[in-house]
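Report on the following structure.
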Amino acid sequence: MIDLSMLNPEQLQPTLDTEGVVVVSAGAGSGKTRLLTYRICHLIEDQKVDPSNILAITFTNKATREMKDRIASMLPNQADKVWISTFHSMCVRILRENISHIEGYNRFFTIYDTQDKDKIITRILKSHENMDESIKKKVLYHMASLKNEGMSIEEYQRLNCADKDIEDVMTIIREYTQQLHLCNALDFDDLLTKTLELFKTCPDVLAYYQEKFRYIHVDEFQDTNTVQYTLTKMLCDKYGNLFVVGDEDQSIYGWRGANIENIRNILKDFPHVKVYKLEQNYRSTKTIIETANKLIKNNTARIDKTLWTDNEQGDKITYYSASDESDEAEYVARIIANKIREGYDYSDFAILSRVSALTMQFEQKLLTYNLPYIVYGNTKFFDRVEIKNTLGYLRVIANIADNESLARIINFPRRGIGSTSIEQLLNLSSRYQVSMWEILTHPDVYDIKNALKHKIQPFVDLVTDLQQKLDTMDLVDFVSYVVKVARIKEEYAEDTEENLNRKLNIDALLENINSFAHNNENATIYDYLESVTLESSIEQDDPDDHNKVIVSTVHAVKGLEFKVVFIVGCEDGLFPISRALDSEEEMEEERRLMYVALTRAEKKCYLVRAKSRFLYGKRQNTMESKFIREMGLSQPQVQRVRDFQWENFATQTTTATDTLGKFKINQQEKKNFQEFQIGTMVSHIKFGIGTIISIERLGDTSYAKIDFVGLGVKTLALNIAPLKIVK
């Protein structure tokens, strides 16, 4: 017998209810993985169900591994017999055995990845003289939409006939589909749609799997799309034993096809559905749960439930309204530093934002105070492709012989100069031992074909213009001019989540340049590029050391938990995102996203905003997030950074041998702040040698502007910055 005493009453009831359709609305941190594991083990051990007749569908490979490990720990000899997989993995197994029933395919089909898909679409576009690559994004968007909905090309085209480009788009999609068919290949979305086609056209195959899977379990059901829902319905049609776990309050993937209606659809599509709620939260304090409840009850598209917990009441949620984004990052970094002093680990902290563009300020501030961090689920700011491409223009202007940067930007934004042509130009440069720019400006000398020559000339004209403007404009105006005339943002014109983030990242880069110019009088493009290169190449901590602050978007940390969470950028237009301000449906998804962010916190949650922020190419005043008001937190605390006991850090120094990277207390090495004077030379553990050029006292904290060699001027709080005086 399986020991079910580990389950609470809410979990026990659906565990024992093994027949028919069961829906469990499981609140955040309510133990749904435990519920699923115990239910499957109960079926096998107590109900004597053959494990090979059980299907469990998860949404990530990580969740699959976790469930297998948990079942194996309880029933060591049974776990491998249960089908536990993601939807896509399940479909691959089914198709490998049965795809030959679909004409033109056999079990040795290839699965094409995103890059393969991109190359094929690019090749098709080149074969159509009346089309260019600007239509590619529309093709990708519509192709994903029609596959997520399980529609035929003809049906989808009828529904989207108002789109002026739809005929061209569908032509490309048809040709793409034909090419994959000829190659006996499927892309990632095809794994679902071809399985659906197989079930619809081959009733014997469907009947086999209906007989096999007598008990079907689906985790994270709120994240299923239309095709996944249809597949689930078809599979459980014979025995009707379907167990789904989900939380419509955590449905945050509508932008990639998830259909929140699926939980409500199951209540309509199946008679005698039994609904259970898991409302006890094991993760967070009462304060955090009460605040999350207050927020999410503003949504109407949900099964009504109220989370509760037996955990402690906990600290109040702190709402801090910073003056600008620099103050916002300073506040967060210093709270973390203070709590490290109290005994917290770095990995106890997460800094969460709605958009990835906000992470740069926090990355830089954490680096400044030697607080180890990792950008989770995202690329570090200066490694992001749109930032590398924008800086590529600056590097070319600064050094026209920089072949790598030229190769990066010659087709950004797209000019129809493909990778083969770029490789040809680089080979010519190597063969003749001249720069690539020399070849671009003398195409006839190097026998460049007319077709490529015509594509190159506008790029040469652009770079030449930028070279001429360099000495006539200051740094900030020049970079803004580059972004404008190179039409960098136009590459991300289509209104998608990804493109919005990329444009905001470019804005964040412009503000970073503006800040650098403000702190470094008469700074040039060469100074800035040198600073970026040196700072981004500063060695980080051991990559195997996971004791680091997490910097992440909210989407990337769903399912994780942290002792202390900072939710930053809490402003209308950022969180909730701007497009949600005019759409109640999107507003509800944004509210669910804030709910997910809140419920990542175990002990303490901080909500932070900036009253002024550089956005969309200009500095503007902001309005606090409507979610702040809904949570009843709209009266900002008046305490400023200086009100905290930062002076305790005067007794601390940092040592390279401290494996946790924590500040060590050393009474013999108390900092004597009187020694820090204008003109004093200091060393920073990351930035190297610098000279103090000014000191300003704000409340209980002294801030020094320090000119670091090669990095420019940085402002640091003397009582926590890892500084030593150079004698």
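The values are calculated or read from the model by the stated rules, or taken from the named source; none is laboratory data. The shown structure was predicted, so the numbers you read here are calculated from the model rather than taken from an experiment. For neighbour counting, all protein chains shown are included, and Cβ atoms are generated from backbone atoms with ideal geometry for every residue, glycine included. With ligands, DNA and RNA removed, areas are computed over all heavy atoms of the protein, side chains included. Shrake-Rupley method; radii C 1.70, N 1.55, O 1.52, S 1.80 Å.
Side notes on the structure shown:
- Residue within segment 137-160 that is closer than 30 Å to Leu235 by Cβ, more than 26 Å from the chain's Cα centre (by Cα) and hydroxyl-bearing (Ser, Thr, Tyr) present: yes
- Odd one out for Lys194, checked against (1) surrounded by 14 or more Cβ atoms within 10 Å (Cβ to Cβ); (2) out of contact with any strand residue (DSSP E or B) (no Cβ under 9 Å at 6 or more places or on another chain); (3) modelled with pLDDT of 85 or more: (2)
Table: residues versus (1) more than 30 Å from the chain's Cα centre (by Cα); (2) open to solvent by less than 50 Å² (accessible area, probe 1.4 Å).
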position: Lys449; (1), (2): yes, no
position: Asp471; (1), (2): yes, no
position: Ile488; (1), (2): no, yes
position: Lys503; (1), (2): no, no
position: Ala508; (1), (2): no, yes
position: Asn520; (1), (2): yes, yes
position: Asp527; (1), (2): yes, no
position: Val532; (1), (2): no, yes
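- In segment 457-474, the residues that are without any contact (Cβ under 8 Å) to a residue 12 or more places away in the chain and closer than 20 Å to Ala401 by Cβ form no Cβ pair under 7 Å with any partner that is open to solvent by less than 80 Å² (accessible area, probe 1.4 Å) and assigned to a helix (DSSP H, G or I), whether six or more places apart or across chains.
- Residue match in segment 595-606 (condition: farther than 30 Å from Lys484 by Cα, open to solvent by less than 10 Å² (accessible area, probe 1.4 Å) and among the small types (Gly, Ala, Ser)): yes
- Every residue from segment 705-724 that is open to solvent by 60 Å² or more (accessible area, probe 1.4 Å) and in contact with a Lys or Arg (Cβ under 8 Å, 6 or more places away or on another chain): Lys705
- So Leu352, is it of a type in the set (A, V, I, L, M), in contact (Cβ under 8 Å) with a residue 40 or more places away in the chain and either open to solvent by 10 Å² or more (accessible area, probe 1.4 Å) or part of a strand (DSSP E or B) (or both): yes
- Across segment 112-136, the number of residues qualifying as within 25 Å of the chain's Cα centre (by Cα) and not in a helix (DSSP H, G or I) comes to 2.
- For segment 86-103, filtered to residues that are outside any helix (DSSP H, G or I) and open to solvent by less than 50 Å² (accessible area, probe 1.4 Å), the residue that is modelled with the lowest pLDDT is Thr86.
- Restricting attention to segment 92-122, the residues that are of a type in the set (Asp, Glu), without any contact (Cβ under 8 Å) to a residue 24 or more places away in the chain and either within 23 Å of Ile57 (Cβ to Cβ) or touching a His at 6+ places or on another chain (Cβ under 8 Å) (or both) add up to 1.
- Enumeration of residues in segment 458-492 that are touching a Pro at 6+ places or on another chain (Cβ under 8 Å) and at pLDDT 90 or above: Ala486, Arg487, Ile488
- Qualifying residue in segment 88-102 (condition: touching a Leu at 6+ places or on another chain (Cβ under 7 Å) and closer than 30 Å to Lys603 by Cα): no
- In the set Tyr141, Tyr156, only one residue is in a helix (DSSP H, G or I) and open to solvent by less than 40 Å² (accessible area, probe 1.4 Å); that residue is Tyr156.
- Here Ala508, Ala523 are screened, and the one residue that is part of a helix (DSSP H, G or I), touching a strand residue (DSSP E or B) at 6+ places or on another chain (Cβ under 8 Å), closer than 28 Å to Leu358 by Cβ and of a type in the set (A, V, I, L, M) is Ala508.
- Odd one out for Tyr331, checked against (1) open to solvent by 10 Å² or more (accessible area, probe 1.4 Å); (2) within 23 Å of Leu598 (Cβ to Cβ); (3) among the hydroxyl-bearing types (Ser, Thr, Tyr): (1)
- Top-ranked residue in segment 277-303 [being closer than 14 Å to Ala26 by Cβ and of a type in the set (D, E, K, R); ranked as nearest to the chain's Cα centre (by Cα)]: Arg283
- Matching entry among Tyr373, Tyr346, Tyr369, Tyr393 (being among the aromatic types (Phe, Trp, Tyr), surrounded by 19 or more Cβ atoms within 10 Å (Cβ to Cβ) and either within 16 Å of Asp507 (Cα to Cα) or without any contact (Cβ under 8 Å) to a residue 24 or more places away in the chain (or both)): Tyr393
- Scanning segment 607-628 for residues that are buried (at least 20 other Cβ atoms within 10 Å of the Cβ), in contact with a Phe, Trp or Tyr (Cβ under 9 Å, 6 or more places away or on another chain) and touching a residue at least 60 places away in the same chain (Cβ under 8 Å) yields Leu607, Val608, Arg609, Phe627, Ile628.
- Selection over segment 690-704 of residues that are in a strand (DSSP E or B), open to solvent by less than 70 Å² (accessible area, probe 1.4 Å) and either of a type outside the set (Val, Ile, Thr) or farther than 21 Å from Lys727 by Cα (or both) gives a count of 6.
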